[in-house]
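In what follows, a structure is listed as structure tokens, so that the remarks can point back to it.
Throughout, read-outs are computed from the coordinates displayed, never taken from laboratory work. Computed from a predicted model, the values in this text were never measured in an experiment.
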Amino acid sequence: MRSSKKIYEDVAKRCSSYEKTTTSELSNCVNCDCTSCLNCEHFASDEHCVLDLYDPIRENL
């Protein structure tokens, strides 16, 4: 995992393009209802945002 679970949650909460995935394949969240990059449609299996939004949001936390 590239970042901590908390960071993925904080970034996803601030992301205007967050879109919860319809499958739990990428989610490592214990609570399936949580907002996290790990369960976003735009988060690739190699743990990066395909929209390149993760790093700018992370830098502004």
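Could you give the length gained by full extension between residue 4 and residue 61, i.e. 0.36 nm per residue of separation minus their alpha carbon distance, to one decimal place?
Values: separation 57, 0.36 × 57 = 20.52 nm, distance 1.35 nm.
Stretched fully, the residue 4-residue 61 segment lengthens by 19.2 nm.
Annotation: amide H of residue 20 within the under-5 Å range of 41, sequence separation 5 or more or interchain, hydrogens built in the peptide plane.
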